[in-house]
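All remarks here apply to the structure that follows.
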Amino acid sequence: MRAILAAGLLGLIAALWTWTLPGDPALADDPTGVPVRVLDNGFHIDLAVPRAALETRPGPLAEAVRALAPGDWVLIGWGDAVFYVDQSPIEARLLDGARAFFRPGNSSVLMLDPHAGDPAARLPPMRRRTLRLPPEAFERLAARIEGTLALEDGRARVVTARAGDDARFHAATGHFWILNLCNSWASRTLNAAGVPVRPLRSVVSPEVLAAVDRAKLDTRPLED
């Protein structure tokens, strides 16, 4: 009986480890599409989107972007309302990190951070990817980001600003903890655009980049 239970548990773990949320089979890089950068700082994924592409959409996300300081790109990320904003040395935040990871129900924020130049330029090639999304795929991605905003009277609400830069953190839906991390949010946002993702593996940032690589490989048109 124990052997059967152990085998069943191993099978469940293997199934979860390989579980994939399907994407859009028709998704392929569009040379004329909207460039979306997927950026890995070593443990956390941010998305960088051209500001103009966000501002041309109606709705609260566009309004929130228009209220930002000048910048041609907007860096977008999701995370814990306290740990994500704090920029003090990590060794001084270990207890807060444990709280963010292991206590369910933590509040979350959506970061919108304007940049004058392309944020991808500050990272080495192995930590950045680009998807050029056709209009319908970009609309799905932007709608997923907009749906993360916890609206008040139909508008996004800034809950805090970060000292030293122009990043603004808006009240967000969802609770941050070990089963719902920043990289989980990024992978599901990319999945909304049509990228197949592995939710369990996506707790680590390299897996999110790997999902982009697989999508581009699997959907590239066949060459004669």
5 Å binning of all Cα-Cα separations within the chain, expressed as whole percents from 0 upward: 1, 7, 13, 18, 19, 16, 11, 6, 3, 2, 1, 1, 0
Potential extension, Ala143-Leu94 segment - 0.36 nm per residue separation minus Cα distance: 14.2 nm
³J(HN,Hα), Karplus 6.51/-1.76/1.60, whole Hz, each residue of the stretch 50-55, x for Gly, Pro: x, 4, 4, 5, 6, 6
Most fluctuating residue given options Pro124, Pro206, Pro35, as computed from a GNM of the chain linking Cα atoms under 10 Å: Pro124
Residue among Arg198, Arg144, Arg66 with the largest mean-square fluctuation in a Gaussian network model of the chain, springs linking Cα atoms under 10 Å: Arg66
Whole-Hz ³J(HN,Hα) from phi, Karplus 6.51 cos²θ - 1.76 cosθ + 1.60, for the stretch 124-135, glycine and proline x: x, x, 5, 10, 8, 9, 10, 10, 9, 8, x, x
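Readers should treat all values here as calculations from the given coordinates under stated rules, not as data from a laboratory. Since we're looking at a predicted model, the values are computed, not measured.
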